[in-house]
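Trainee: Have a look at this one before I ask anything.
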Amino acid sequence: MAVIFFTALGLWLHPPEYLSYGEASGGRVVVTGRVCAKEFKGGKEAPVLLIYLEPDSLTFQNIPIPFEEQILCTMESGAFEPAIGARIKLEGILMENEPALNPGGFDARLYYKTIGVSARLLSAKILAVSGEKEVWKEGLWQCKKWLCEALQSVLDREDAAIVKTMLLGDKSDLEKDIKKLYREAGILHLLSISGLHISLIGMGLYRLFKKSGMPLTAAAFLSGALLLFYGEMIGMPVSAYRAVFMFLLRLLADVLGRTYDGLTALSLSGTLLVLKQPLYLMHAGFLLSFLSVLAVLLFKPALRLPKLKLPALEEGLAASLSIGLFTLPVQLYFYYEISIYGPFFNLLVLPLAGAVLIFGLGTMALALFSARLAWPIALLLHGILTFYGKGSLMIGNLPWHLFTPGQPKGWQIGIFYALILLLLGFPKLRFRFQAGLLCGAVLILCIHIRTGLTVTVLDVGQGECICLELPGGENYLIDGGSTSVSQVGDYRIEPFLKSQGITALDAVFLSHGDSDHVSGIIWLLEKSDIDINTLVLPTVTGSGADSFAQIRELAEKKAIPILSMSAGMSWQSGEVMLACLHPQKGFMPENDNAGSQVLYLTYGEFSMLFTGDTEGNGEDALLNTLQKYGIEDLTVLKVAHHGSAGSTGEELLQQLSPDIAVLSYGKNNPYGHPHAELMGRLSQNGCRIFGTGGSGAVSFYTDGRVLKQN
């Protein structure tokens, strides 16, 4: 445990460094390496290959890049499938893994570095294959394919996808909606190769061999070997590694006639993993797997729950609550919310996990010989999975089913576990004192004090989305869309909001109806559980009328009031005031961008202008309004139209004289934003320039006097 503690301290003091492929990223490259693993890909396309590069084998524009790393190669559809161990030469588009570009975003760079992957090769095409295959690894892969096909031949698509995920680690056909449904019901752990599955399989084999009359040593060796082969076949994720390692130690203890100690086995397996890859200490799967077992071994015995008449129910409730509470900070840090009813739903779900395992294995085995033989067991399996699905839907429809305090800070997590250690130090405390201590620990994670205004310009690729977190607790969104990020609401906007503990938007202001400003809002209205209390649209719709018609229809279904805002109208909340400066009623824009709604925010000495895509005669009209009301000496200007050369002219900049200019645009976008001409104007006017453009969100905090960049 000391090794793990000091490794964690070292990672905090010295964050990991990442390889950079420089100009090669985004370009077509040629690589040579050895196939070390394969993964399934949805549909009938070729699998994804994990390639270990040979030194100096990655070439860009005939220049060798000296990396000895693993890269993940997504093959062209229908491509030839090489064997594991073969030497292969490929050509494709090299893409570096992106870090989290917004608070709450997925850090692909850290995740893939943790599992040893430095980059991805897209649309890869095979140029040459040579060398011998690794027989046993390729055999395990073919066995996995065979078992997946057996399940698909008997079960319907959804059931097959769930069972393949649970038993074989194949998530290629698992729908995102199913994962979201299970997560919000608190049973997402079922959709992984859990330690429970490994233990059930291992102990089942061990007991079966012993009952058959096999000597203890032989039974231990054979069951351990089979479990190792199973772990290798499914890719040995961290939860499987932990469970297999602990099971092997248990077998060793039996063979040697020694006492097995779970805490020792857990510590040893964790230490070995961390020594191999220290970044596992920043990996959700590692932390949740090990903390769950630690909760059962250490925290559960200390809980003094009220006695129930049903010992099995009492035992299950104690285990479920101890795991939920002990892993709570980690769940909130990575997922920002948890299911309130999950621990209780698990009391019904977990007893059936063994049946799912047995029926799943039985279905696979029988389907290899005859679909008719497997059908009765498949029907029972379908019944359990239907219960899981319908039960999850019911949980999702209950009031207050999700607890979303947002991502906790380091000091909050530290205090939480300090209080847990206090409880463990006094195990004889009465239940009411334990309950008070635990409630205090949970409340610590919910602290979210606002003393000022936070403005965050999200990185949404080629688009725009700005979040305002007001000192009074209100939350506003100005625009929300992208043309370069698919499902931007799902992947960029909602994760950011939930990481900040925002479950309701008091108002959403839309500057105009272009897709790069509204596509994410449409997604939030259609599929998100984020509540929107009011929509504020401009009086001029232009070519965005179709988008606004769709938004109005969705808002009407949810009974969300819609307001129209024109120049001269304002929105006040405490000391924060949002005034609309453009367009005037009856304004005739020369294009849709010219009719963009422009908002002017003031809070104490801080001021900011949100310009949408204003340009042309719209910018001329805005300039007249600014001069009319004497608006100048701006703190922050959100530059119009993603930095287009035809917007934010010299006259406007001289009138506003902004200290800071913020641009929202996509990295390597096809429009060339931001244009050099516009950047020159900003520099000449003395602006400090910030941009998203693949660099990440730009966030400011102010108390109305002092401005800080977050």
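Trainee: Show me 102-114, 317-329 ranked by packing, highest mean number of other Cβ atoms within 10 Å first.
Mentor: Most protected by this proxy first, the peptides run 317-329, 102-114.
Trainee: Return the distance in nm (one decimal) between the two label points of a simple spin-label model at Ala253 and Thr59, each offset 7 Å from Cα along Cα→Cβ.
Mentor: 5.7
Trainee: What does the charge add up to near Leu291, with Lys and Arg as +1, Asp and Glu as -1, over the other residues with Cβ less than 14 Å from its Cβ?
Mentor: +2
Trainee: Here's another thing I want to ask about it. Could you give each residue of the stretch 320-329 its phi-based ³J(HN,Hα) in whole Hz, using Karplus coefficients 6.51, -1.76, 1.60 with θ = phi - 60°, and x for Gly or Pro?
Mentor: Values per residue, Gly and Pro as x: 5, 5, 5, 5, x, 6, 5, 9, 3, x Hz.
Trainee: Please give, to one decimal in nm, the separation of the simple spin-label points placed at Lys210 and Ser77, each 7 Å out from Cα toward the Cβ.
Mentor: 5.3
Trainee: Counting only protein heavy atoms, what percent of the accessible surface of the chain is carbon or sulfur at a 1.4 Å probe?
Mentor: On the way: 19100 of 32530 Å².
The C+S portion of the solvent-accessible surface of the chain is 59 percent.
Trainee: To continue, here is another question. Give me the 1.4 Å probe accessible area per residue for the stretch 133-241, excluding ligands and nucleic acids, in Å².
Mentor: 46
Trainee: Here is a follow-up. So how far, in whole Å, is the C-alpha centre of the stretch 364-393 from the one of the stretch 623-654?
Mentor: Cα centres, the stretch 364-393 to the stretch 623-654: 64 Å.
Trainee: Expected output is a single nm value to one decimal: the length gained when fully extending between Leu350 and Asp546, i.e. 0.36 nm times separation in residues minus the C-alpha distance. What is it?
Mentor: Extending this stretch completely gives an extra 65.8 nm.
Trainee: Taking R0 as 30 Å, what's the FRET efficiency between Ser486 and Ile449 from their Cβ-Cβ distance, rounded to 0.05?
Mentor: The pair Ser486/Ile449 has a calculated efficiency of 0.25.
Trainee: Moving on to the next point. For Ala219, what is the net charge nearby, where nearby means another residue's Cβ is under 12 Å from its Cβ and Lys, Arg count +1, Asp, Glu -1?
Mentor: +2
Trainee: I would also like to ask the following. Would you calculate the separation in nanometres between label points at Ala284 and Met569, each defined as 7 Å from the Cα along the Cα-to-beta-carbon direction?
Mentor: Each label point lies 7 Å from its Cα, and together they span 3.9 nm.
Trainee: Let me ask another. Per residue, how much accessible area does the stretch 329-417 show when a 1.4 Å probe rolls over the protein heavy atoms, in square angstrom?
Mentor: Heavy-atom accessible area per residue stands at 51 Å².
Trainee: Can you tell me the orientation of helix 431-446 relative to the chain, as the angle in degrees between its alpha-carbon axis and the longest Cα principal axis, to the nearest 10?
Mentor: So the inclination is approximately 40 degrees.
Trainee: So what's the back-of-envelope 222 nm ellipticity for the chain, counting only DSSP H runs of four-plus at -39500 (n - 2.57) apiece and dividing by all residues, rounded to 500?
Mentor: -14000 deg cm²/dmol
Trainee: Using the heavy atoms of the protein chains and a 1.4 angstrom probe, tell me the accessible area per residue for the stretch 536-625 in square angstrom.
Mentor: 42
Trainee: Additional query: Quick query: amide H of Val30 versus all other amide H atoms, modeled in the peptide plane; which residues come in under 5 Å with a sequence gap of 5 or more or a different chain?
Mentor: Hits under the 5 Å cutoff: Thr59.
Trainee: Then there is this: Once a ≥ b ≥ c are taken as the square roots of the eigenvalues of the Cα gyration tensor of the stretch 577-710, is the result rounded (a/c under 1.5), prolate (a/b larger than b/c) or oblate (a/b not larger than b/c)?
Mentor: On the way: a/c = 1.58, a/b = 1.05, b/c = 1.51.
Oblate.
Trainee: On to the next question. For the stretch 500-514, in order, what is each residue's ³J(HN,Hα) by Karplus, 6.51 cos²θ - 1.76 cosθ + 1.60 with θ = phi - 60°, in whole Hz (x at glycine and Pro)?
Mentor: With coefficients 6.51, -1.76 and 1.60, one gets 8, x, 8, 10, 9, 9, 5, 7, 10, 9, 10, 6, 6, x, 5 Hz.
Trainee: Here is a further query. Pull out a ≥ b ≥ c, the square roots of the eigenvalues of the alpha-carbon gyration tensor of the stretch 255-305, then state rounded if a/c is under 1.5, prolate if not and a/b is larger than b/c, and oblate in the remaining case.
Mentor: oblate
Trainee: How far is helix 176-185 tilted, in degrees, relative to the longest principal axis of the Cα atoms in the chain, given as a value from 0 to 90 rounded to the nearest 10?
Mentor: Computed tilt is about 80 degrees.
Trainee: Pairs Lys113/Lys409; Lys390/Lys558; Lys137/Lys276; Lys137/Lys667; Lys171/Lys390: which exceed 30 Å Cα-Cα?
Mentor: Violating the 30 Å Cα-Cα cut-off are Lys137/Lys667.
Trainee: Please sort by residue number the chymotrypsin sites (Phe, Trp or Tyr not before Pro) in the stretch 388-489 whose DSSP state is loop and whose Cβ has at most 16 other Cβ atoms within 10 Å.
Mentor: Trp400
Trainee: For Cα pairs less than 8 Å apart in space and 6+ apart in sequence, what is the mean separation divided by the residue count of the chain, i.e. the relative contact order in percent?
Mentor: Relative contact order, the chain: 9 percent.
Trainee: Let me ask another. List the residues whose amide H sits under 5 Å from the amide H of Gly513, counting only those 5 or more places along or on another chain, with H placed 1.01 Å from N in the peptide plane.
Mentor: Gly544
Trainee: Quick one: which residues, 5 or more positions from Ala79 or on another chain, have an amide H under 5 Å from its amide H? H modelled 1.01 Å from N in the peptide plane, none for Pro or chain starts.
Mentor: Long-range HN contacts for Ala79: Ala46.
Trainee: Still on this structure: What does the charge add up to near Gly472, with Lys and Arg as +1, Asp and Glu as -1, over the other residues with Cβ less than 11 Å from its Cβ?
Mentor: Within the 11 Å Cβ shell, the charges total -3.
Trainee: In percent, how large is the relative contact order of the stretch 640-697, given Cα pairs closer than 8 Å and 6 or more residues apart?
Mentor: 44
The values are calculated or read from the model by the stated rules, or taken from the named source; none is laboratory data. Predicted model, so just to flag it, every value in this text is computed and none were measured. Note that we place each Cβ from the backbone using ideal geometry, even for glycine, and neighbour counts take in every protein chain shown. Surface areas here come from the heavy atoms of the whole protein model, side chains and all, with no ligands, DNA or RNA. Shrake-Rupley method; radii C 1.70, N 1.55, O 1.52, S 1.80 Å.
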